[in-house]
Amino acid sequence: MTTTTPDIPAVTGGVLLFRSCLISTEYPGAEAATKWLFERFGIEYTVHPEQSCCTGLGYYSELVPVATSVGLAARNACVAVEDGHPVMSYLCSTCYAINKKARNILQVPEYRAETNKVLAGIGREYTDEVAGAIRHSHTMEILWSAHDSIPDLIRRRLDGIKVATHPACHYCKVFPDEVVGDSENFMIPEDLLEATGVVKTGLYNEKTTHCGAGFRQRFVNPAISMAVTREKLRRLSQEHIDVLVHMCPNCAVQFDRHHEIIEDSSHEKYPFVHLHVQQLLALALGADPDKDCGVASHSQDVEPLLSRIGARNKVTVATGAGLP
C-alpha cells in the first residue's frame, strides 16, 4: 500500500538550514546533499554562525533541564527572524521536535516571561513578532515543496531500486497532527524518489516500530536496544529492499553503525544499505558520491549500490535556479 503525499506551498527562500550535531559529526554528507539539492531547486537558504545546538539529545536523555532547552530554542528563533530566514529547516527529527515543543511552551505567558529574563542578558527577546514569523519544518517538507522540479533534474535513473522509509519517531509521533501526509504511513521520502524510478515499499509491518536507539537506551539497555533494531532489520529484509532511507541521524546511526554487528551476532543477513533521503535523491540528480554526498562516512559498504546506479560515472548536472 502506498499513499500520495499532499502538495504543500513551495518554499523558495528565507530558509535557515538548522545544523545538527549528529549530522555534522556522523553523516556530514546528509547536510552537504541537502545544500546541493536546495541549490538545484532554487531554494534560498543560509547556515547561520550564531545558531546553537538544540540540546535535544541531552533533553531527551534527562540531562538538560527543559528551561535550558526552551531558552536556547527562543534564542535560535530570534537569530533566524533577525536574519530574515524564519523558516527553520531541520535535518534531524530531534531538532524538529524539541524546537516545536519549545514553541508551544513559549505560548504560555509566564514561561515566555521567564525565558525573556534570561534572553535580556544577551540583548534579545522572544516577542509576538518572532513567534508569529518563525516556522518549523523538517527538511523533508522543504524538499517536498519543490518536488515538481525533480523530473527535469534527474541524471541517473534508479529504476528497479526498491526503497523503504524508516519514519522518524520525533517527526511522526511527537506532532502527528502536523505531519505532511499520514503519520502512520509517512511517504515523503519515497514520494520524493518516485520520479527517479524507484520501487516504493509503502506500508509494511512494523513500519512505525522505533529504530531501537531510545537515546540513553542504546547505552544503559544495549541488549534491548539492539533487539528492537534486529527485529526491524529482519522485517525489512523480508520486503527485499535495496535501501532503507532515513530522515534522522540518530536512526541512521543505530542502523548503519550496527547493521553488520547485528548480522554477525544473529547469523542472519539483511542485504540492504542505509542512506539519508537527501543523499539518494542527490545521487539521482547527478551529485558526486564523495564531495556532495559524503558516502565515506557510512559504516556499511555502499559501493555495490553506487555501481548499480552508475553513481561513479560523471554526469552533467543542472545548474538550478539557486546557482550562478
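Quick one: in segment 117-160, which of the residues that are polar (S, T, N, Q) and out of contact with any strand residue (DSSP E or B) (no Cβ under 9 Å at 6 or more places or on another chain) is nearest to Leu16 (Cα to Cα)? So that I can check it myself, show each step before the final result.
Of segment 117-160, the ones polar (S, T, N, Q) are 127, 137, 139, 145, 149.
This time we only want the ones that are out of contact with any strand residue (DSSP E or B) (no Cβ under 9 Å at 6 or more places or on another chain), so: 127, 149.
Numbers: Thr127: 19, Ser149: 21 Å.
Top of the filtered list is Thr127.
State whether the residues of segment 30-45 include one that is basic (Lys, Arg), closer than 22 Å to Asp191 by Cα and surrounded by fewer than 21 Cβ atoms within 10 Å (Cβ to Cβ). First the steps, then the outcome.
Just the residues of segment 30-45 that are basic (Lys, Arg), to begin with: 35, 40.
Still in the list and also closer than 22 Å to Asp191 by Cα: 35, 40.
Next cut, surrounded by fewer than 21 Cβ atoms within 10 Å (Cβ to Cβ) only: 35.
Yes: segment 30-45 contains one or more residues that are basic (Lys, Arg), closer than 22 Å to Asp191 by Cα and surrounded by fewer than 21 Cβ atoms within 10 Å (Cβ to Cβ).
Residues are listed down the side, and each one gets a yes or a no for (1) of a type in the set (Asp, Glu); (2) crowded, with 23+ Cβ neighbours inside 10 Å:
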position	(1), (2)
Ala133	no, no
Lys162	no, no
Thr165	no, yes
Tyr171	no, yes
Val180	no, no
Glu184	yes, no
Val199	no, no
Gly202	no, no
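In a helix (DSSP H, G or I), surrounded by fewer than 22 Cβ atoms within 10 Å (Cβ to Cβ) and either among the hydrophobic types (A, V, I, L, M, F, W, C) or at pLDDT below 95 (or both) - does that describe any residue in segment 99-115? Let's see the steps before the verdict.
Just the residues of segment 99-115 that are in a helix (DSSP H, G or I), to begin with: 99-105, 109-115.
Narrowing further to those that are surrounded by fewer than 22 Cβ atoms within 10 Å (Cβ to Cβ): 100-101, 103-105, 109-114.
If we keep only those that are either among the hydrophobic types (A, V, I, L, M, F, W, C) or at pLDDT below 95 (or both) as well, we get 105, 113.
Looking for residues that are in a helix (DSSP H, G or I), surrounded by fewer than 22 Cβ atoms within 10 Å (Cβ to Cβ) and either among the hydrophobic types (A, V, I, L, M, F, W, C) or at pLDDT below 95 (or both), one finds at least one in segment 99-115, hence yes.
Just one of the numbered conditions (1) under 20 Å from the mean Cα position of the chain (by Cα); (2) under 25 Å from Ala97 (Cα atoms); (3) not small (Gly, Ala, Ser) is not true of Val163; which one?
Condition (2) is where Val163 drops out.
Could you list, ordered by first residue, the pairs with Cβ atoms under 6 Å in which the first is in segment 73-86 and farther than 11 Å from Glu129 by Cα and the second is at pLDDT 95 or above and of a type in the set (Asp, Glu), at least 6 apart or interchain?
Filtered contacts from segment 73-86: Val79/Glu50.
Can you tell me which of Leu72, Leu63 is over 20 Å from Ala252 (Cβ atoms) and either outside any loop (DSSP other than H, G, I, E, B) or of a type in the set (D, E, K, R) (or both)? So that I can check it myself, show each step before the final result.
Values: Leu63 fails: either outside any loop (DSSP other than H, G, I, E, B) or of a type in the set (D, E, K, R) (or both).
The unique qualifying residue is Leu72.
Find all pairs meeting these conditions: Cβ atoms under 6 angstrom apart; at least six residues apart or on different chains; first residue within segment 234-256 and in the same structural domain as Gly212 (by TED's automatic domain parsing) and crowded, with 16+ Cβ neighbours inside 10 Å; second residue of a type in the set (D, E, K, R) and assigned to a helix (DSSP H, G or I).
That search, which allows pairs on different chains as well, returns Pro249/Glu26; Val253/Glu26.
Could you say which residue among Ala120, Ala131 is of a type in the set (A, V, I, L, M, F, W, C), outside the structural domain of Thr229 (by TED's automatic domain parsing), in contact with a Leu (Cβ under 8 Å, 6 or more places away or on another chain) and at negative phi?
Numbers: Ala120 fails: in contact with a Leu (Cβ under 8 Å, 6 or more places away or on another chain).
Ala131 is the lone residue from the list that is of a type in the set (A, V, I, L, M, F, W, C), outside the structural domain of Thr229 (by TED's automatic domain parsing), in contact with a Leu (Cβ under 8 Å, 6 or more places away or on another chain) and at negative phi.
The values are calculated or read from the model by the stated rules, or taken from the named source; none is laboratory data. Not measured: the values here are computed from a predicted model. Every residue, glycine among them, receives a Cβ derived from its backbone with ideal geometry; neighbour counts consider all protein chains shown.
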